[in-house]
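The values are calculated or read from the model by the stated rules, or taken from the named source; none is laboratory data. Keep in mind the model is a prediction, meaning the values are calculated, not measured. Every residue, glycine among them, receives a Cβ derived from its backbone with ideal geometry; neighbour counts consider all protein chains shown. Ligands, DNA and RNA are stripped out before the accessible areas are found, and what is left, the full protein with its side chains, is counted by its heavy atoms. Shrake-Rupley method; radii C 1.70, N 1.55, O 1.52, S 1.80 Å.
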Amino acid sequence: MKTLLLLSAIGFCWAQYSPHTEAGRTSMVHLFEWRWVDIALECERYLAPNGYGGVQVSPPNENIVVTSPFRPWWERYQPISYKLCTRSGNEDEFKDMVTRCNNVGVRIYVDAVINHMCGSGAGSGTSSTCGSYFNAENREFPEVPYSAWDFNDGKCKTGSGGIESYNDAYQVKDCRLVSLLDLALEKEYVRSKIAEYMNRLIGIGVAGFRLDAAKHMWPGDIKAILDKLNNLNTNWFPEGSKPFIYQEVIDLGSEPFKSNEYFGNGRVTEFKYGTKLGTVIRKWSGEKMAYLKNWGEPWSFVPSDRALVFVDNHDNQRGHGAGGASILTFWDARLYKMAVGFMLAHPYGFTRVMSSYRWPRYFEDGSDINDWVGPPNDNGVIKEVTINPDTTCGNDWVCEHRWRQIRNMVIFRNVVDGQDFTNWWDNGSNQVAFGRGNRGFIVFNNDDWSLSSTLQTGLPGGTYCDVISGDKINGSCTGIKIYVGNDGYAYFSISNSAEDPFIAIHADSKL
Ligand code: AAO
């Protein structure tokens, strides 16, 4: 019995479902399109001190250079080779980043684009981030090398060679996603080239992978690749640790295949999470926060220990991918902070915080025609992430992860780690509150009238700093103070016109 327990504990800690974050660090941040040099600095100067567990980085492998439109962000989802050479930096810079981040206990997760190479109409030449030659028409990628028989052109049965219907699993997996040349992952050779790439990254010290377009790969093909992967680098991880795997499977319920087909490989992205949370916080479709009482699996989400969750991602914050108009982003900052706050306070799933850049949004027919615009740049060269005196970012980097409300909720999640979901309260409308054992408590007012209630917090008596309106600094609160009585009750008052209509207190914000 003892050995069984021990084995299952090891299984949990070391397996592909674990993000391998340091103890007490419970979230990752996606530093979308950041340069490796900036990420290394950010790990040291901000992420480690504030309890972030890891970073999802943009694809590090060589991609096509698109000039029309000029250097869109999405060019990085069109691989040309597996050389570590992109606008974010070269191989040395990548290695330096992984080492420095690991050394301060912040993990690096790589966005692995392994389903396909560049678009079929990309022509030929050396317009790639490292200058490697390719010929899309002949399916030649000599730097890998891949050639015509390494692609699914023969296997796909649609007239166009592309996915024409998402209701047919064969098309979704064997045909081209938006014309991207679809790799033949059933081939041993292709599997081994991909595994070689991923093993190189593991050797450098990355802790895991987001598998891009996982829904477009057969679960068995993914498994065959994962079976070839090495264990994590023992400079930083216990012997026998398997890379963390989270698969981009968009399953909003309407298609004939399910994300549970991928559980054997690792976690999956739960896209229903942000779609539903956005709908609730926007109060669309008759939704209200009171309904969040049973948030999680009862909302037809995947099991918590199989879920990677987020309010928005790099696709759906600009109308790509899935989720639609309900998705909340930094553009709707007030509602967004509440949504991210709710996500980080709630025990469901492993949480990913989005960190974006601003782009010149311009709407026609309801859609953003500038959805392609790449990161802040000078003539295509990505701009440095500068830091303002008030700790926000410059050069049009949004740095949501540095917003006080979001950063403090990442810390809240760490402080309440492992505690039960407790002391739920709601007013039947959009005023809700809940606790996490005796370690933390959060109250939201998303109604159009004030909240004024005395609630059971579950916390020991004392004076607590609200970490949304301010911080606890040198033994005093820069924001609102909450007095918890010895019976655990506290009085909360939140105006519906408050800058941030929610309050959060936790064990470490106690005076
Ligand atoms: C670019 C150009 C293309 C060009 C191509 C090749 O935009 O016009 O053909 O180059 O030259 C990114 C960009 C693409 C870009 C691509 C390559 O988003 O615009 O193409 O790089 O540069 C699907 C996939 C999902 C994918 C998502 C964007 O399933 O895997 O589309 N996400 C990842 C990355 C993403 C990247 C790629 C994959 C490719 O995160 O950044 O693309 O590496 C349905 C399906 C979803 C499907 C969506 C969108 O969703 O279920 O699986 O996502 O459609 O096609 C309701 C439904 C919901 C439905 C949704 C939208 O909500 O409930 O199921 O409507 O219809």
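Could you list all residues from region 325-350 that are within 16 Å of the ligand (Cβ to nearest atom) and buried (at least 19 other Cβ atoms within 10 Å of the Cβ)?
Within region 325-350, ILE327, LEU328, THR329 qualify.
Pairing residues of region 197-226 that are touching a residue at least 60 places away in the same chain (Cβ under 8 Å) and under 27 Å from ILE163 (Cα atoms) with residues that are open to solvent by less than 10 Å² (accessible area, probe 1.4 Å) and of a type in the set (Lys, Arg), at Cβ distances under 6 Å and at least 6 apart in sequence or on separate chains, gives HIS216/LYS173.
On inspection, TRP424 passes the criterion of being on the phi < 0 side of the Ramachandran plot, of a type in the set (Phe, Trp, Tyr) and in contact with a helix residue (DSSP H, G or I) (Cβ under 9 Å, 6 or more places away or on another chain).
You will find that of GLU164, GLU186, the residue that is in a loop (DSSP other than H, G, I, E, B), more than 16 Å from the ligand (Cβ to nearest atom) and of a type in the set (Asp, Glu) is GLU186 and no other.
Within region 79-103, can you find the residues that are more than 16 Å from the ligand (Cβ to nearest atom) and either in contact with a Gly (Cβ under 6 Å, 6 or more places away or on another chain) or among the charged types (D, E, K, R) (or both)?
The initial filter retains those residues of region 79-103 that are more than 16 Å from the ligand (Cβ to nearest atom), namely 83-85, 89-103.
Across region 79-103, the qualifying residues are LYS83, GLU91, ASP92, GLU93, LYS95, ASP96, VAL98, ARG100, ASN102.
The strands (runs of 3 or more DSSP E) found wholly in region 409-486 and carrying at least 1 residues that are open to solvent by less than 20 Å² (accessible area, probe 1.4 Å) occupy 431-436, 440-445, 451-456, 462-465, 481-484. Applying the criterion of being open to solvent by less than 10 Å² (accessible area, probe 1.4 Å) and part of a loop (DSSP other than H, G, I, E, B) to the residues of region 104-131, the residue that is farthest from the ligand (Cβ to nearest atom) is GLY105. You will find that of ASN486, ASN445, ASN474, the residue that is over 19 Å from VAL410 (Cα atoms) and under 28 Å from the mean Cα position of the chain (by Cα) is ASN445 and no other. As a summary of the residue check, GLN56 satisfies the conditions (1) within 13 Å of the ligand (Cβ to nearest atom); (2) in a loop (DSSP other than H, G, I, E, B) except for the one numbered (2). Screening ALA322, ALA307 for residues that are within 14 Å of the ligand (Cβ to nearest atom), touching a residue at least 24 places away in the same chain (Cβ under 8 Å) and touching a Phe, Trp or Tyr at 6+ places or on another chain (Cβ under 8 Å) leaves exactly one candidate, ALA322. Report yes if VAL353 is within 16 Å of the ligand (Cβ to nearest atom), of a type in the set (A, V, I, L, M), surrounded by 13 or more Cβ atoms within 10 Å (Cβ to Cβ) and outside any helix (DSSP H, G or I), otherwise no. The answer is no for VAL353. Look through LYS228, LYS258, LYS242 and report the one residue that is within 16 Å of the ligand (Cβ to nearest atom), open to solvent by 30 Å² or more (accessible area, probe 1.4 Å) and of a type in the set (D, E, K, R). Being within 16 Å of the ligand (Cβ to nearest atom), open to solvent by 30 Å² or more (accessible area, probe 1.4 Å) and of a type in the set (D, E, K, R) holds for just one of LYS228, LYS258, LYS242, which is LYS258. Considering each residue of region 71-82 in turn, none proves to be under 20 Å from PHE244 (Cα atoms) and open to solvent by less than 10 Å² (accessible area, probe 1.4 Å).
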